[in-house]
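Right, one structure below, let's go through it.
The values are calculated or read from the model by the stated rules, or taken from the named source; none is laboratory data. Every value quoted in this text rests on a predicted model; they were computed, and no experiment measured them. FYI the Cβ positions are ideal-geometry reconstructions off the backbone, even for glycines, and counts take in every protein chain you see.
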Amino acid sequence: MLEAKRLAELARLEREGASLEAQLRRARHEAHQAGLVNLAHEDEIRALRDKLAELGGAMGDGANVKSTLEELRRAYEAEKAKHAEAAAAAVEAERLRVESEADAERRRVESQKLLERLLAEQRRKLEGQSERLGADALHAERLQKERLERELTKHAAELKAAKVELQALKLAAAAKQREAQATLEKMREEAEAAQRGLESESNRIRKELSATSSRLAAEKEGRQGAEAKATAEEKGRLAAEKELAAVLAKAQWNAACAEKAEAAHVATIKALKEELKEELKAAQKDKSPRHARPPKERGRGSRSLPGGFDFEEGPFAPPVSVQLATALRKNAGKVLDLFRDWDTDGDGQVSRAEFHEAMGALGLEVPSAEIDTLFSEWDRDGGGSLDFTELKKILSQSAPPTPLQQAGNAVKNGQAFIKGAGSKAKVPQT
């Protein structure tokens with residue numbers, strides 16, 4: 001309120017100063033006009049004096065001269081009175097000008113003093129505000145410092161916890177690596193044992209074949225009259241040798257499969273190491289909990305296989321995709337019902353993504369690569385989807401024998417054939 005009054009007073013003084021300046025300019029103008037009038041009167045007086053002198057020189061001493069002089073005197077007096085009035089007006093104008101200038105100077109000094117007083121009060125007020133702002137800034141700085149110290153302490157605790165968690169992850173990774181190494185060594189030993197078993201079996205079959213060949217040769221020498229029968233026995237021996245060669249080839253292929261399985265396990269261990277490294281990096285960057293799997297879509301049920309399903313492991317175990325196909329064939333009805341439930345658009349097709357989701361819905365924990373392998377084997381036309389009719393036909397087929405089963409069957413058939421050939425080659429002694 002006081003500030004508004006001061007500003008109003010200052011505005012009033014400025015208006016009065018402007019009014020005084022206008023009056024001063026008007027007084028100066030009037031004084032100038034009066035001076036001009038005075039000069040004009042003086043010029044007229046000089047002109048009258050000159051005229052009087054001319055008339056005095058041209059006229060003689062007569063009544064006309066006296067009357068003319070009288071008229072001139074009256075005119076001169078009139079002009080002199082006007083001149084006196086003009087001079088008085090000029091003096092008055094000068095006095096007013098001086099008074100106006102003095103009044104203007106006085107008001108200017110008063111305005112200057114008032115302005116200086118207002119500025120001093122404003123300066124004191126600003127200094128007080130500056131002191132308050134300085135105190136507020138110090139308080140805010142102190143609060144900011146305390147907040148930063150709390151955050152620093154919190155981050156230090158989080159960093160310490162992260163280091164502890166990282167150490168635990170490293171220990172777990174080392175344990176997992178040792179376990180994988182032990183598993184790999186065990187698989188290698190099993191593969192070597194299997195290889196030795198196959199070699200011993202092959203040697204035994206060779207010995208039996210050699211003994212059979214020797215026995216057949218001796219019997220052939222003693223059977224001069226059974227030429228045709230001996231020829232048939234020779235063909236049987238050749239067939240047995242061919243079967244044995246096939247058995248040996250199967251055994252070698254089985255050994256190659258064992259090596260391939262070992263390489264697959266090595267690749268799995270390498271992938272586990274890479275996954276562990278990624279988990280360690282993720283743990284260092286963000287310790288947030290892992291995202292849960294997205295909820296299943298509405299309208300899609302799940303039909304877990306009864307009793308679950310355990311995949312075989314070891315160097316002689318069939319591929320995971322083959323075991324998965326066997327499990328799906330054993331539960332063909334549940335698999336087809338599940339795919340029918342999930343066919344919301346009614347196109348009768350099973351896409352690769354739906355095939356992946358079905359494995360989880362059936363309770364089968366299978367690597368994605370093995371699921372893709374099985375899908376590609378069943379998707380013979382490469383269209384990226386399986387027709388229900390085609391899927392039903394595949395599931396109704398019997399599972400093909402594994403390479404190890406084929407090798408075992410071949411060995412059994414060879415042994416049976418050799419035994420049969422030996423029994424046929426026996427001839428009663430005469």
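Only one of these is surrounded by 11 or more Cβ atoms within 10 Å (Cβ to Cβ), modelled with pLDDT under 80 and hydrophobic (A, V, I, L, M, F, W, C): 7, 52, 36, 13. Name it.
Matching residue, one of 7, 52, 36, 13: 52.
Table: residues versus (1) of a type in the set (Gly, Ala, Ser); (2) touching a helix residue (DSSP H, G or I) at 6+ places or on another chain (Cβ under 9 Å); (3) on the phi > 0 side of the Ramachandran plot; (4) loosely packed, with under 11 Cβ neighbours inside 10 Å.
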site	(1), (2), (3), (4)
185	no, no, no, yes
213	yes, yes, no, no
216	no, yes, no, no
232	yes, yes, no, no
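Residue check: is residue 189 farther than 27 Å from residue 281 by Cα and surrounded by 11 or more Cβ atoms within 10 Å (Cβ to Cβ)?
When the stated conditions are applied, residue 189 passes them.
I'd like the residue in segment 346-390 that is small (Gly, Ala, Ser) and assigned to a helix (DSSP H, G or I) and, out of all such residues, is farthest from residue 324 (Cα to Cα).
353
Inside segment 333-383, can you point out the residues that are of a type in the set (S, T, N, Q) and closer than 21 Å to residue 393 by Cα? Reasoning before the result, please.
Quick first cut of segment 333-383, residues of a type in the set (S, T, N, Q) only: 344, 349, 351, 368, 373, 376.
Hits for segment 333-383 are 349, 351, 373, 376.
Do we have residue 127 as among the acidic types (Asp, Glu) and surrounded by 11 or more Cβ atoms within 10 Å (Cβ to Cβ) here?
Here the answer is no, as residue 127 does not meet what is asked.
Quick check on residue 87: is it part of a helix (DSSP H, G or I), hydrophobic (A, V, I, L, M, F, W, C), closer than 28 Å to residue 33 by Cβ and modelled with pLDDT of 85 or more?
Answer is no for this residue.
Mind checking which residues of segment 62-117 are more than 30 Å from residue 16 (Cα to Cα), of a type in the set (Val, Ile, Thr) and surrounded by fewer than 16 Cβ atoms within 10 Å (Cβ to Cβ)?
Passing the criteria: only 65.
Kindly provide the set of residues from segment 345-377 that are modelled with pLDDT of 85 or more and in contact with a strand residue (DSSP E or B) (Cβ under 6 Å, 6 or more places away or on another chain), ordered by number.
351
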